[in-house]
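What follows is a set of notes on a single structure, which appears directly below.
The values are calculated or read from the model by the stated rules, or taken from the named source; none is laboratory data. Since the structure is predicted, the reported quantities are computational estimates derived from the model, not experimental observations. Ideal geometry is used to build each Cβ from the backbone, glycine not excepted, and the neighbour counts take in all protein chains shown. Protein only, heavy atoms only, side chains kept; ligands, DNA and RNA dropped before computing areas. Shrake-Rupley method; radii C 1.70, N 1.55, O 1.52, S 1.80 Å.
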Amino acid sequence: ELSDARQLQLDWWTMFREALVASNLVGSTQSPRAQYWYNVALGRAGIVLSNTANTYDGRIGVRVYLRTTRGGDSAFEQLSADREAIEREIGQPLQWNPNPENIDRIIAIYHDVDLSDRELWTGHISWMLTMTERFHKAFGPRVKNLDLTRPVETDDSEFDDGR
């Protein structure tokens with residue numbers, strides 16, 4: 001049996017998936033699960049568009065999630081070189097987190113919401129779908145063209161870790 005938070009996440013991702021399928025934005029979707037993330041493929045192993053619904057912090061988000069075990073350091077460096085153009089395409093500044101102590105790198109945008117108020121979900125789903133579409137268009141082609149054999153030379157001090 002699911003906790004209230006897990007049931008809320010399952011219901012949220014079910015509604016999001018229905019909207020994602022109706023949008024024809026992506027060719028295939030995963031089944032909704034009772035967890036805080038819902039991934040959308042970006043065309044490379046180890047790099048996904050990870051939508052989040054954080055019931056504890058009261059926020060939803062869309063992020064590019066890069067695993068360092070799959071070339072995430074190099075991918076982060078190459079994508080950050082195109083930061084201005086990407087943020088122009090998204091229409092807002094993003095949080096660029098090199099996350100040096102962990103095995104992932106994250107490029108994200110977040111939106112504060114009260115997920116317990118289900119009457120507001122349609123608007124929140126609309127925001128997430130819009131951001132998912134913008135991220136998919138901005139990052140999809142770039143991710144497919146990454147050279148993950150390239151050595152890393154990034155100075156992490158220039159990035160905003162979102163804290």
Query raised in the report: Relative to the present Cα-Cα distance, how much length would full extension add between E101 and A5 at 0.36 nm per residue of separation?
Result: 31.7 nm
Report task. Calculate, for D114 and S28, the FRET efficiency according to 1/(1 + (r/R0)^6) with r their C-beta to C-beta distance and R0 30 Å; round to the nearest 0.05. Result -> 0.45
Report summary line: Between the modelled labels at K144 and R83 (7 Å from Cα along Cα→Cβ) the distance in nm is 2.7
Report task. Within 10 Å, count the other beta carbons around each residue, average over each peptide in 118-130, 11-23, 54-66, and list them highest first. Result -> 54-66, 11-23, 118-130
Query raised in the report: Using the heavy atoms of the protein chains alone and a 1.4 angstrom probe, what is the accessible area of segment 12-163 per residue in square angstrom?
Result: 52
Query raised in the report: Over segment 1-83, what is the mean sequence separation of C-alpha contacts under 8 Å (at least six apart), divided by residue count, expressed as relative contact order in percent?
Result: 19
Query raised in the report: Fully extended, how many nm does the chain gain between Q92 and A19 (0.36 nm per residue separation, minus their Cα-Cα distance)?
Result: 24.0 nm
Query raised in the report: Where does the chain land at 222 nm, in deg cm²/dmol rounded to the nearest 500, when only DSSP H runs of n ≥ 4 count, each adding -39500 (n - 2.57), divided by all residues?
Result: -12500 deg cm²/dmol
